[in-house]
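Nothing in this text is a laboratory measurement; each read-out follows from the coordinates by a stated rule. Everything quoted here is computed from the prediction, not taken from an experiment. Glycine also receives a Cβ, built like all others from the backbone with ideal geometry; neighbour counts cover every protein chain displayed.
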């Protein structure tokens with residue numbers, strides 16, 4: 001491995017992260033709060049360390065898969081390490097382990113928190129806390145792909161290792177142009193949602209913060225009651241719509257821009273994604289209206305059901321009500337959605353719809369082969385044959401996901417919490433969802449877990465964000481020997 005090029009690229013990433021702290025500093029200065037000193041120190045340290053690392057000279061500027069894996073894995077850890085400095089230095093989250101947990105939860109767009117009273121935090125800190133969602137949503141490392149050619153380094157290996165989904169494709173031939181197209185789309189959706197929320201009566205500050213959590217599918221809020229603190233059906237609907245939009249494959253928006261409406265409408269993963277949202281929202285809406293005394297109006301029941309379905313399946317994690325009080329049937333649907341997630345190529349986490357779509361076709365093929373054992377039955381998605389390598393990769397991912405989930409549940413069970421809380425705490429961190437059920441429900445948090453469990457949750461969040469194989473590939477160096 002070329003360690004020098006890894007160190008150099010990581011240096012540029014740290015410089016970029018330091019610069020990305022400046023908007024939070026400006027917010028702090030604007031509101032005249034004391035956390036501005038913490039941001040000045042954090043920016044100075046992050047940029048200084050990044051500058052020193054970026055001065056390392058390398059002879060080989062070619063990035064291979066192993067360097068890409070190392071940059072991505074170490075990049076997220078380093079970004080979380082330096083990103084937690086404002087929390088620690090300002091005293092908002094004094095414990096370094098707690099601050100690291102909060103930061104990696106932000107950057108991985110998980111949204112799980114251990115802050116008991118969010119509303120007492122300084123505005124600059126709250127802005128940075130949610131801005132980490134926006135940074136991590138499309139990926140600080142994918143963003144770096146657009147600038148790596150400036151320093152003479154190609155970035156496709158980073159793009160492959162960091163992009164969510166089973167097979168990241170370039171929208172256009174040059175990967176840096178793909179990254180730029182994705183970010184133009186990302187920024188456009190962000191600006192549009194901020195405008196709509198401001199039009200609904202939200203302040204510009206809170207509109208920006210909640211948009212970062214929506215478009216980045218993260219879920220950090222400025223309020224203890226999350227989005228439920230805003231008693232506005234309009235705001236709830238706007239956030240619901242943009243959560244669903246952010247959970248779809250961003251390349252489809254480029255297809256719409258190019259006028260390929262039919263291809264977008266016929267997209268198999270999109271139809272499955274929207275179908276699951278529609279069915280889940282209807283089932284939960286009917287269940288909470290007829291199965292509990294909390295709802296007297298069926299319209300309100302459907303408003304809350306579709307909001308929570310959109311929030312969980314896109315792994316955003318916002319809440320308008322305490323869904324932990326809903327009937328068991330509704331909570332089981334939400335638990336199932338924690339494993340489904342959004343679409344490949346979106347900012348959402350978890351397993352993702354494309355894998356379930358392919359898995360369903362594999363099951364259908366196996367049933368057909370029961371009656372026609374010698375038949376050649378290719379797996380097709382949107383009219384294109386899915387290679388057996390991709391099918392094998394999806395099967396391997398699902399198996400590894402189950403193993404990691406079981407491994408996490410067994411370790412967290414040592415804390416002694418109830419089964420529902422234990423299972424959902426692992427499901428929500430591994431799937432980058434945010435809130436869970438029971439002990440980690442929408443009105444509670446992860447503060448009472450031990451430091452060891454918080455580190456394990458941090459590891460699970462990172463594993464989920466990087467789609468498991470990135471980390472596994474990094475710690476299995478024997479697989480590097482014959483790399484070409």
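If each of residue 293 and residue 55 carries a label point 7 Å out from its Cα toward its Cβ, how far apart are those two points in nm?
Each label point lies 7 Å from its Cα, and together they span 7.1 nm.
Using 0.36 nm times the number of residues separating residue 256 and residue 198, minus their current alpha carbon distance, what extension gain do you get?
On the way: separation 58, 0.36 × 58 = 20.88 nm, distance 2.64 nm.
In short, 18.2 nm is gained.
Obtain the nm distance between the two label points defined at residue 116 and residue 368 by a simple spin-label model: each point lies 7 Å from its Cα along the Cα-to-C-beta direction.
5.9
Fewest first, what order do 102, 415 take by the number of other Cβ atoms within 10 Å? Write out the running numbers ahead of the final one.
Values: 102 27, 415 15.
Least crowded to most crowded, the residues run 415, 102.
Among rounded, prolate and oblate, which fits the stretch 323-394 when a ≥ b ≥ c are the square roots of the eigenvalues of its C-alpha gyration tensor, a/c under 1.5 means rounded, and a/b larger than b/c means prolate?
It is oblate, given that a/c is not under 1.5 and a/b is not larger than b/c.
At a Förster distance of 45 Å, what's the computed FRET efficiency of residue 392 paired with residue 283, Cβ-Cβ distance as r, to 0.05?
Working: r = 34 Å, r/R0 = 0.75.
E(calc), rounded to 0.05, equals 0.85.
How high is the relative contact order of the chain, in percent, with contacts defined as C-alpha pairs under 8 Å that are six or more residues apart? Please report the intermediate quantities before stating the final value.
Numbers: 816 pairs, mean separation 82.9, N = 484.
Value for the chain: 17 percent.
Helix-derived [θ] at 222 nm for the chain: sum -39500 (n - 2.57) over DSSP H runs of at least 4, divide by residue count, nearest 500?
So the calculated ellipticity at 222 nm is -20500 deg cm²/dmol.
Can you put 15, 419, 312, 351 in order, fewest other beta carbons within 10 Å first?
The fewest-first ordering by Cβ neighbours comes to 419, 15, 351, 312.
By count of other Cβ within 10 Å, fewest leading, how are 263, 304 ordered?
263, 304
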